[in-house]
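S.K.: Can you keep this structure in mind? I'll have questions shortly.
The values are calculated or read from the model by the stated rules, or taken from the named source; none is laboratory data. All values derive from a computational prediction rather than experimental measurement. We place every Cβ from the backbone using ideal geometry, glycine too, and count neighbours over all the protein chains shown.
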Amino acid sequence: MADPVTIWTLDWVPDMPRGYVRDLRLRWACEEAGIPYAIRTVAFDDRHTNHLDRQPFGQVPMLEDGEVKLFESGAGVLHLARRSEALMPRDPAGEAEVIQWVIAGLNSIEMVTMPWIVMGWSGNEVPAITEWMDTRLGQLENVLAGREWLVGDRFTAADLIMADVLRLGELRQRGERPASEAYVERVTARPAFLKAHADQLALYAAADETREEN
């Protein structure tokens, strides 16, 4: 059996981010790869300062794998991918392509989509960012129209990251991108995602009860 890892997340969050807190990416990767893992938590209430020694921006998730201690979900997913061919092929070209698309998901897509989403919450849309995002999503739609998976002929860590970026409801409801929608549906129908998602929701449901008791 593979050596277990520890995934750190928040002990509670409000309703809106549940199912989207990014420890889910690490849970999902472990489920795909068959890597055993434990969940540990830091307190939500003083989250910006209570773990700065391990995460300088006061965020989650964090990953511990023996002597390896990482923050940032993308870094954690890539580390886990190096442990399992289920997440990344072992040939140099395939590995490089997975890394390329993981970084594209975080730097070319999420870097644009998250500011747009946050602006939507505040009601302050910036047309230039909206146009930039629509262009990026359209370019990705063209890619996904011609392939089932981002790398080769199977699921990899690249699909895990990209689908997790794209599955936000605000993005799925904007415009007509049938290939992207089919891609998100295909990737998030995987049993490993469904378990990781359900387990995160269960953690926070249990935390609700604890907070009510206190």
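S.K.: Those residues that are more than 17 Å from the chain's Cα centre (by Cα), of a type in the set (Ser, Thr, Tyr) and modelled with pLDDT of 95 or more, I need them from the stretch 178-214; list them, please.
M.R.: Tyr204
S.K.: Right, another one. Please tell me if Ala75 is assigned to a helix (DSSP H, G or I) and either hydrophobic (A, V, I, L, M, F, W, C) or in the same structural domain as Asp164 (by TED's automatic domain parsing) (or both). Working first, answer last.
M.R.: On the way: assigned to a helix (DSSP H, G or I): yes; either hydrophobic (A, V, I, L, M, F, W, C) or in the same structural domain as Asp164 (by TED's automatic domain parsing) (or both): yes.
So Ala75 passes the test.
Conditions tested, residue by residue: (1) in contact with an Asp or Glu (Cβ under 9 Å, 6 or more places away or on another chain); (2) under 17 Å from Ala157 (Cα atoms); (3) not polar (S, T, N, Q).
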{"residue": "Pro4", "(1), (2), (3)": "yes, no, yes"}
{"residue": "Leu24", "(1), (2), (3)": "yes, yes, yes"}
{"residue": "Gly34", "(1), (2), (3)": "no, yes, yes"}
{"residue": "Asp53", "(1), (2), (3)": "no, no, yes"}
{"residue": "Pro56", "(1), (2), (3)": "no, no, yes"}
{"residue": "His79", "(1), (2), (3)": "yes, yes, yes"}
{"residue": "Gly105", "(1), (2), (3)": "yes, yes, yes"}
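S.K.: Additional query: Condition (residue is within 16 Å of the chain's Cα centre (by Cα) and either of a type outside the set (Phe, Trp, Tyr) or within 20 Å of Leu10 (Cβ to Cβ) (or both)) applied to the stretch 46-56: is it met by at least one residue? Break it down stepwise before answering.
M.R.: Here is the first cut: in the stretch 46-56, the residues within 16 Å of the chain's Cα centre (by Cα) are none.
Looking through the stretch 46-56, none of the residues is within 16 Å of the chain's Cα centre (by Cα) and either of a type outside the set (Phe, Trp, Tyr) or within 20 Å of Leu10 (Cβ to Cβ) (or both).
S.K.: Checking the conditions here, which among Asp15, Asp3, Asp53 is closer than 19 Å to Leu203 by Cβ, charged (D, E, K, R) and surrounded by fewer than 13 Cβ atoms within 10 Å (Cβ to Cβ)?
M.R.: On the way: Asp3 fails: closer than 19 Å to Leu203 by Cβ; Asp53 fails: closer than 19 Å to Leu203 by Cβ.
After applying the criteria, what remains is Asp15.
S.K.: Out of Gly138, Gly169, Gly175, Gly146, report the one residue that is out of contact with any Gly (no Cβ under 7 Å at 6 or more places or on another chain) and modelled with pLDDT under 95. Write out each step before concluding.
M.R.: Numbers: Gly138 fails: modelled with pLDDT under 95; Gly169 fails: modelled with pLDDT under 95; Gly146 fails: modelled with pLDDT under 95.
Testing whether each residue is out of contact with any Gly (no Cβ under 7 Å at 6 or more places or on another chain) and modelled with pLDDT under 95 leaves just Gly175.
S.K.: Now for a separate question. Among the residues of the stretch 62-76, write down those that are surrounded by 21 or more Cβ atoms within 10 Å (Cβ to Cβ) and under 17 Å from Val98 (Cα atoms).
M.R.: The answer is Ser73, Gly76.
S.K.: How many residues are touching a Lys or Arg at 6+ places or on another chain (Cβ under 6 Å) and among the aliphatic types (A, V, I, L, M) if we restrict to the stretch 161-196?
M.R.: Within the stretch 161-196, residues that are touching a Lys or Arg at 6+ places or on another chain (Cβ under 6 Å) and among the aliphatic types (A, V, I, L, M) number 2.
S.K.: Considering (1) over 21 Å from the mean Cα position of the chain (by Cα); (2) assigned to a loop (DSSP other than H, G, I, E, B), say which one Glu131 fails and leave the rest.
M.R.: (2)
S.K.: Same structure again: Listed residues Val13, Val21; which is of a type in the set (A, V, I, L, M), part of a loop (DSSP other than H, G, I, E, B) and under 18 Å from Glu72 (Cα atoms)?
M.R.: Details: Val13 fails: under 18 Å from Glu72 (Cα atoms).
The match here is Val21.
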